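Here is the structure we will look at.
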Amino acid sequence: MDEGGTIRARVEHDLGSRIAAGVIPPGALLSVPTLAAEYAVSATPVREAVLELERRGFVTAARNRGFVVTPVDPAHADHVAAVRDLLEPAAMRAVAERRPAPDLAAARALADEVAREAAAGDLAAYLDADRRFHLALTAFAGNPMLTAVVDDLRRRTRLPGLQALVGSTELQRSAAEHHELSEAIERGDGDAAESVTRRHIGHTRGWWAGRPE
């Protein structure tokens, strides 16, 4: 990836994580020049990043004003979660039952990072570590198309209740599930790996959506 593409990806990822977590709320106005100044980069990669977020449904163009963060569509969120529920639990079962077992040292380190960011309340960093953890595990299934689809679905997931969970036991319990999943895979327990993954995805409809579970 060229330098411009790297900058665009960095801005897209950070901005997308902040919107997904509700740090930048629905209705917020985003200006490309203002964002370029914030990220200390030129306007071109910022505009490309925001246009990608528009394609993802996170923002919509506001004529002569910039872009506005869209409201969270509960139906869309349920559709994304339903597709993830079809793919990810089965993938984690397959990884757990794989022989020889995968080397999970890097995944364990990422689970530690998720827990640290949850404790620090840095939601953008939490989501970044969470995404890298799950994609690293999904890659062990040996199907690059599956990994790409899971990545795309996770990028489309909005978590409007996440910010309210900072400092809560619910966020700590969610973070701990990453260790629970990696441990299930390490001991070859497909049932547990599938169950933890299904519960984890369920938070997108519950705690992370601002709803009780």
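The numbers here are math on the coordinates, done by the rules we state, and not lab data. Because the structure is predicted, anything quoted here is derived from the model rather than measured. A quick note on method: Cβ atoms are made from the backbone with ideal geometry, for glycine too, and the neighbour counts reach across all protein chains shown.
Note down the magnitude of the dipole of the chain about its Cα centre, charges +1 on Lys and Arg C-beta and -1 on Asp and Glu C-beta and zero elsewhere, to the nearest 20 debye.
The calculation lands at about 560 debye.
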Arrange H79, H200, H178, H13 by Cβ neighbour counts within 10 Å, fewest through most, would you?
-> H79, H13, H200, H178
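Once Rh for region 74-209 is found with the Kirkwood sum over Cα pairs, what is the Stokes-Einstein diffusion coefficient at 4 °C and 1.567 mPa s, in µm²/s?
Result for D is 88 µm²/s.
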Specify which residue in the list A43, G16, T60 is farthest towards the positive end of the charge dipole of region 3-69, using unit charges on the beta carbon of Lys, Arg (+1) and Asp, Glu (-1), about the Cα centre.
-> T60
Sticking with the crude label model, points 7 Å out along Cα→Cβ, report the distance from H79 to N143 in nm, one decimal please.
-> 2.2 nm
Between the residues N143, L104, P71, the Cα farthest towards the positive end of the dipole of the chain, that dipole coming from +1 and -1 charges on the beta-carbon of Lys, Arg, Asp and Glu, is from P71
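Dipole size in debye (nearest 20) for region 3-69 around its Cα centre, Lys and Arg Cβ +1, Asp and Glu Cβ -1?
200 debye
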Counting Lys and Arg as +1 and Asp and Glu as -1, each charge on the Cβ, what is the dipole of region 98-213 about the Cα centre in debye, to the nearest 20?
-> 380 debye
